[in-house]
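What follows is a single structure, written as C-alpha coordinates, with notes after it.
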Amino acid sequence: MTIDDRARRRYLVCHDYGMGGIWWWITARSAREIVETFAEVEVVDDPERIARFNDSDLDEVDIDDSQMPRGLDNLRAKRDAQRGQSGFGVLIDRGVVYLRQRWDGEQAVAAADYLTEIGPDGRRTRQVEVRDDGGAVRTGPDDWALNPPIDLWDPGLAKCVISEDEFERSWATAESAPTDW
(Lines give C-alpha, C1' and ligand atoms only; values in the text may rest on other atoms or scores of the structure.)
Protein backbone atom coordinates (compact mmCIF):
# COMPACT_ATOMS: atom_id res chain seq x y z
CA MET A 1 0.00 0.00 0.00
CA THR A 2 1.40 3.39 -0.98
CA ILE A 3 1.16 6.54 1.13
CA ASP A 4 -1.30 7.89 -1.44
CA ASP A 5 -3.55 4.82 -0.94
CA ARG A 6 -3.61 5.26 2.86
CA ALA A 7 -4.73 8.88 2.49
CA ARG A 8 -7.83 7.83 0.55
CA ARG A 9 -11.21 7.29 2.15
CA ARG A 10 -14.82 6.63 1.26
CA TYR A 11 -17.23 9.59 0.99
CA LEU A 12 -21.01 9.74 0.61
CA VAL A 13 -21.77 11.93 -2.41
CA CYS A 14 -25.08 13.28 -3.73
CA HIS A 15 -26.18 14.98 -6.92
CA ASP A 16 -29.29 16.81 -5.67
CA TYR A 17 -31.38 17.86 -8.66
CA GLY A 18 -34.17 19.45 -6.65
CA MET A 19 -36.90 16.83 -6.78
CA GLY A 20 -34.57 14.03 -5.72
CA GLY A 21 -30.98 12.95 -5.81
CA ILE A 22 -28.53 10.37 -7.06
CA TRP A 23 -26.14 8.94 -4.48
CA TRP A 24 -22.76 7.19 -4.60
CA TRP A 25 -19.93 6.11 -2.34
CA ILE A 26 -16.74 7.61 -3.80
CA THR A 27 -13.23 6.74 -2.66
CA ALA A 28 -10.96 9.77 -2.98
CA ARG A 29 -8.11 11.65 -1.33
CA SER A 30 -10.40 14.44 -0.08
CA ALA A 31 -13.90 15.85 -0.27
CA ARG A 32 -12.52 18.78 -2.24
CA GLU A 33 -11.06 16.42 -4.85
CA ILE A 34 -14.57 15.06 -5.40
CA VAL A 35 -16.24 18.45 -5.96
CA GLU A 36 -13.35 19.52 -8.21
CA THR A 37 -13.82 16.36 -10.29
CA PHE A 38 -17.62 16.17 -10.57
CA ALA A 39 -20.00 19.08 -11.27
CA GLU A 40 -23.13 19.62 -9.18
CA VAL A 41 -22.32 17.21 -6.36
CA GLU A 42 -21.97 17.62 -2.64
CA VAL A 43 -20.04 15.51 -0.18
CA VAL A 44 -22.24 14.66 2.79
CA ASP A 45 -20.61 15.11 6.18
CA ASP A 46 -23.65 14.78 8.45
CA PRO A 47 -23.12 11.56 10.49
CA GLU A 48 -26.86 10.80 10.68
CA ARG A 49 -27.28 11.02 6.89
CA ILE A 50 -24.17 8.91 6.36
CA ALA A 51 -25.46 6.27 8.81
CA ARG A 52 -28.71 5.99 6.82
CA PHE A 53 -26.72 4.96 3.72
CA ASN A 54 -24.12 2.67 5.33
CA ASP A 55 -26.01 -0.52 4.52
CA SER A 56 -27.47 0.66 1.22
CA ASP A 57 -26.79 -0.66 -2.23
CA LEU A 58 -25.15 2.45 -3.68
CA ASP A 59 -22.58 2.26 -6.46
CA GLU A 60 -19.02 2.19 -5.08
CA VAL A 61 -16.73 4.35 -7.19
CA ASP A 62 -13.01 5.05 -7.15
CA ILE A 63 -12.31 8.60 -8.28
CA ASP A 64 -9.32 7.38 -10.31
CA ASP A 65 -11.36 4.88 -12.36
CA SER A 66 -11.66 5.73 -16.03
CA GLN A 67 -15.27 4.50 -16.24
CA MET A 68 -17.97 6.02 -14.05
CA PRO A 69 -21.54 4.85 -13.40
CA ARG A 70 -24.33 6.42 -15.40
CA GLY A 71 -25.06 9.94 -14.20
CA LEU A 72 -21.69 10.42 -12.57
CA ASP A 73 -19.99 10.09 -15.96
CA ASN A 74 -21.92 13.14 -17.24
CA LEU A 75 -21.07 15.15 -14.13
CA ARG A 76 -17.36 14.39 -14.65
CA ALA A 77 -17.58 15.39 -18.33
CA LYS A 78 -19.34 18.64 -17.37
CA ARG A 79 -16.64 19.49 -14.82
CA ASP A 80 -13.89 18.64 -17.35
CA ALA A 81 -15.50 21.07 -19.82
CA GLN A 82 -15.74 23.80 -17.16
CA ARG A 83 -12.18 23.46 -15.91
CA GLY A 84 -10.50 25.50 -18.66
CA GLN A 85 -13.09 28.28 -18.70
CA SER A 86 -12.52 31.73 -17.25
CA GLY A 87 -14.19 31.99 -13.85
CA PHE A 88 -13.86 28.31 -12.96
CA GLY A 89 -13.82 27.96 -9.17
CA VAL A 90 -13.45 31.68 -8.41
CA LEU A 91 -16.42 31.63 -6.00
CA ILE A 92 -15.01 28.80 -3.88
CA ASP A 93 -13.75 29.70 -0.40
CA ARG A 94 -15.30 33.19 -0.52
CA GLY A 95 -17.81 32.58 2.24
CA VAL A 96 -21.14 34.22 1.37
CA VAL A 97 -21.64 35.04 -2.33
CA TYR A 98 -24.24 37.33 -3.92
CA LEU A 99 -25.51 36.71 -7.45
CA ARG A 100 -27.90 38.35 -9.91
CA GLN A 101 -29.35 35.88 -12.42
CA ARG A 102 -31.90 36.54 -15.14
CA TRP A 103 -34.99 34.41 -15.60
CA ASP A 104 -36.76 35.21 -18.88
CA GLY A 105 -40.03 33.68 -17.79
CA GLU A 106 -41.85 30.55 -18.74
CA GLN A 107 -45.59 30.04 -19.08
CA ALA A 108 -47.18 31.49 -15.91
CA VAL A 109 -43.88 32.65 -14.35
CA ALA A 110 -43.02 36.26 -15.18
CA ALA A 111 -39.56 37.35 -16.26
CA ALA A 112 -37.41 38.62 -13.39
CA ASP A 113 -33.93 39.06 -12.00
CA TYR A 114 -33.12 36.87 -9.01
CA LEU A 115 -30.70 38.32 -6.48
CA THR A 116 -29.49 35.48 -4.32
CA GLU A 117 -27.41 35.23 -1.17
CA ILE A 118 -25.57 31.90 -1.17
CA GLY A 119 -23.77 30.40 1.81
CA PRO A 120 -20.40 28.63 1.64
CA ASP A 121 -22.22 25.29 1.24
CA GLY A 122 -23.83 26.52 -2.01
CA ARG A 123 -27.34 26.79 -0.60
CA ARG A 124 -29.51 29.88 -0.89
CA THR A 125 -30.00 31.72 2.37
CA ARG A 126 -32.04 34.68 1.07
CA GLN A 127 -33.39 35.72 -2.31
CA VAL A 128 -35.06 38.72 -3.93
CA GLU A 129 -37.16 38.33 -7.07
CA VAL A 130 -37.12 41.66 -8.94
CA ARG A 131 -39.88 41.50 -11.53
CA ASP A 132 -39.84 43.38 -14.80
CA ASP A 133 -43.00 45.22 -13.71
CA GLY A 134 -41.03 46.80 -10.86
CA GLY A 135 -42.32 44.62 -8.04
CA ALA A 136 -39.89 42.81 -5.75
CA VAL A 137 -40.44 39.95 -3.31
CA ARG A 138 -37.98 38.65 -0.73
CA THR A 139 -37.92 35.03 0.37
CA GLY A 140 -35.92 32.79 2.69
CA PRO A 141 -35.52 29.07 3.37
CA ASP A 142 -38.96 28.78 5.01
CA ASP A 143 -40.51 29.89 1.70
CA TRP A 144 -38.82 27.26 -0.47
CA ALA A 145 -39.89 23.65 -0.80
CA LEU A 146 -36.52 22.81 -2.38
CA ASN A 147 -33.06 24.26 -1.91
CA PRO A 148 -30.50 22.14 -3.76
CA PRO A 149 -26.92 23.40 -3.58
CA ILE A 150 -25.63 25.70 -6.29
CA ASP A 151 -22.32 24.55 -7.81
CA LEU A 152 -19.99 27.41 -6.90
CA TRP A 153 -17.26 25.92 -9.14
CA ASP A 154 -19.42 26.76 -12.19
CA PRO A 155 -17.50 29.33 -14.26
CA GLY A 156 -20.74 30.85 -15.58
CA LEU A 157 -21.61 32.17 -12.12
CA ALA A 158 -18.55 34.46 -11.97
CA LYS A 159 -20.21 36.99 -14.28
CA CYS A 160 -23.32 37.04 -12.05
CA VAL A 161 -21.59 38.28 -8.88
CA ILE A 162 -22.97 41.44 -7.29
CA SER A 163 -21.98 43.30 -4.14
CA GLU A 164 -23.46 42.67 -0.73
CA ASP A 165 -24.62 46.30 -0.73
CA GLU A 166 -26.61 45.81 -3.96
CA PHE A 167 -28.26 42.73 -2.51
CA GLU A 168 -29.05 44.42 0.82
CA ARG A 169 -30.60 47.46 -0.90
CA SER A 170 -32.93 45.17 -2.87
CA TRP A 171 -33.69 43.10 0.23
CA ALA A 172 -34.60 46.21 2.23
CA THR A 173 -37.07 47.52 -0.38
CA ALA A 174 -38.67 44.21 -1.40
CA GLU A 175 -41.98 43.01 0.02
CA SER A 176 -42.09 39.87 2.14
CA ALA A 177 -43.41 36.81 0.36
CA PRO A 178 -47.15 36.29 0.87
CA THR A 179 -48.00 33.67 3.49
CA ASP A 180 -49.79 31.54 0.88
CA TRP A 181 -46.68 31.59 -1.37
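Values computed for the structure shown
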item	result
Ranking by accessible area, most exposed first, for Ser66, Ser176 with a 1.4 Å probe	Ser66, Ser176
Positive-end residue, the chain charge dipole about Cα centroid, Cβ charges, pick of Pro148, Val43, Gly18	Val43
Length gained when the stretch Arg70-Asp133 is fully extended (0.36 nm per residue, less Cα-Cα span)	18.4 nm
Solvent-accessible area of Phe88 with every protein chain in place, 1.4 Å probe, in Å² to the nearest 10	40
Calculated P(r) of region 104-166 - Cα pairs past 16 Å, %	54
Point-to-point label distance, Ala110-Glu168, nm (Cα→Cβ direction, 7 Å offset)	2.8
The chain - mean residue ellipticity at 222 nm from DSSP helices (-39,500 (n - 2.57) per run, n ≥ 4, rounded to 500)	-6000 deg cm²/dmol
Asp143/Trp103 FRET efficiency (R0 22 Å; Cβ-Cβ; nearest 0.05)	0.85
Estimated translational D of region 26-181 in µm²/s (Stokes, Kirkwood radius over Cα pairs; 37 °C; 0.692 mPa s)	185
Summed side-chain charge close to Gly134 - residues other than Gly134 whose Cβ falls under 14 Å, Lys, Arg +1, Asp, Glu -1	-4
Between helix 164-173 and the chain: long-axis angle, C-alpha atoms, 0 to 90°, nearest 10	50
Shape of region 1-97, Cα gyration tensor, a/c cut at 1.5	rounded
Rounded to 10°, Cα long-axis angle of helix 72-83 versus longest principal axis of the chain	70
Fraction of beta bridges assigned by DSSP in region 1-62 that are antiparallel (%, nearest 5)	75
Solvent-accessible surface ranking, highest first, for Asp45, Asp121 at 1.4 angstrom	Asp45, Asp121
Computed E for Val90/Asp57 - FRET, C-beta separation, R0 35 angstrom, nearest 0.05	0.40
Length gained when the stretch Tyr17-Asp46 is fully extended (0.36 nm per residue, less Cα-Cα span)	8.5 nm
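The values are calculated or read from the model by the stated rules, or taken from the named source; none is laboratory data. None of these values were measured; they are calculated from a predicted model. All Cβ positions, glycine included, derive from the backbone under ideal geometry; neighbour counts span all protein chains shown. Accessible surface areas use protein heavy atoms only, side chains included; no ligands, DNA or RNA. Shrake-Rupley method; radii C 1.70, N 1.55, O 1.52, S 1.80 Å.
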